Amino acid sequence: MPVYTCTTTTGTLTADVKSALARELSRIHAEINHVPSTYVNVVFHELPHGGIYTDGVPADPVLVNSWVRSGHPLDETTRLATEIASAVSRIANIDAARVLVVIQNSPASGAVEGGRVLPEPGQEQAWVCH
Amino acid sequence: MPVYTCTTTTGTLTADVKSALARELSRIHAEINHVPSTYVNVVFHELPHGGIYTDGVPADPVLVNSWVRSGHPLDETTRLATEIASAVSRIANIDAARVLVVIQNSPASGAVEGGRVLPEPGQEQAWVCH
Amino acid sequence: MPVYTCTTTTGTLTADVKSALARELSRIHAEINHVPSTYVNVVFHELPHGGIYTDGVPADPVLVNSWVRSGHPLDETTRLATEIASAVSRIANIDAARVLVVIQNSPASGAVEGGRVLPEPGQEQAWVCH
């Protein structure tokens, strides 16, 4: 269901770090948003130097954009963003100032996986076991 | 107006499949959301193996993210997501379980094309003919 | 805080144009949305020919997707989209018909930077000076 997209410049994250991040982001998301980790996708976009600018100059932040279904409690989404940002900083050994995490949402009714419309938050179990 | 972004690993979609998908996604979107297909954009991000993880391990899903203007009826958006997912699975010959389609939206008033603010849903004809 | 993602085919934007765009998008955003330009990120995704289709055929538009915090006045977001589109067309010397700017938003409470949850619109100064 969810998609985490991590955008960095090449070399910012090693292969081992990407693998560890994918596991940890899946674990955190599964715990807080009640989705089996089997449904968590993590994408890495690695751009050449000069592919990302901050304040108008080439930079090397880690930009994490996440899509989740609308309707999760706001305070849990805050906790999710906070834990994801902390995990990125810790696992990649990158100063927190260079890590931005944004969690976007749109209605489950406009998303399809496995040929079926996604469940509303709270209805995951019935959907998964169907 | 709309942008469909298909994210896969390299080799998941052949050149012919990408071309056929671009045509079919444009056709479906034009029919359901009442936008001339001339305004439908389809982007393909193809990442190296290890660029996408599902459940913490490298995987090869087809992740389709779409942006549309806010205000379309929810049931039509559900139909749009369902038909797009079905088309991807059929044209790319990929099991539906590996296909995720998410349709996000934001206000037309915050989008500009051809130098003009986009029309609200239902106002397309006047905008196009302007 | 904000992230502007410009998606084009390779060669559409020169290195000088990308650099100038990054500076100008940061300047415009800082002025209209009251965020220091030090927090504005601009990402360039450059895809091979055939990576972007419009109306089912390969094309070379400039697709700009922006994420901002929810809660900015709608009319200022319209002005932001309009000025960004105009800057892209002018700086890259590209016909306005090929430029699409979309400004998406989600709650500041679901976004973290520098280890801290982002401020609501209007609360930037206290957050920055903390």
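The values are calculated or read from the model by the stated rules, or taken from the named source; none is laboratory data. Keep in mind that this is a model prediction, so the values were computed, not measured. As a convention, Cβ positions derive from the backbone with ideal geometry for all residues, glycine included, and neighbour counts pool all protein chains shown. Side chains included, ligands, DNA and RNA excluded: accessible areas come from the protein's heavy atoms. Shrake-Rupley method; radii C 1.70, N 1.55, O 1.52, S 1.80 Å.
A few comments on the model shown:
- Residue in the range B:57-77 that is assigned to a helix (DSSP H, G or I), free of Cβ contacts under 8 Å to residues at least 40 places away in the same chain and open to solvent by 40 Å² or more (accessible area, probe 1.4 Å) present: yes
- Unmet requirement for residue B:110, which otherwise passes all of (1) touching a helix residue (DSSP H, G or I) at 6+ places or on another chain (Cβ under 7 Å); (2) of a type outside the set (Phe, Trp, Tyr); (3) modelled with pLDDT under 95: (3)
- Tally, over the range C:30-56, of residues that are over 12 Å from residue B:44 (Cα atoms), under 20 Å from the mean Cα position of the chain (by Cα) and open to solvent by 30 Å² or more (accessible area, probe 1.4 Å): 6
- Residue A:94 facing chain C (nearest Cβ under 9 Å), β-branched (Val, Ile, Thr) and touching a strand residue (DSSP E or B) at 6+ places or on another chain (Cβ under 8 Å): no
- Any chance residue C:87 is touching a Gly at 6+ places or on another chain (Cβ under 9 Å), more than 9 Å from chain A (Cβ to nearest Cβ) and not in a strand (DSSP E or B): no
- Residues of the range B:111-120 satisfying the condition of being within 16 Å of residue C:96 (Cα to Cα) and either more than 7 Å from chain C (Cβ to nearest Cβ) or open to solvent by less than 30 Å² (accessible area, probe 1.4 Å) (or both): B:111, B:112, B:113, B:116, B:118
- Residue ID - nearest to residue C:104 (Cα to Cα), chosen from residues in the range C:66-88 that are aliphatic (A, V, I, L, M) and in contact with a Leu (Cβ under 7 Å, 6 or more places away or on another chain): C:84
- Lone unmet requirement of (1) open to solvent by 10 Å² or more (accessible area, probe 1.4 Å); (2) at pLDDT 95 or above; (3) not charged (D, E, K, R) for residue A:126: (2)
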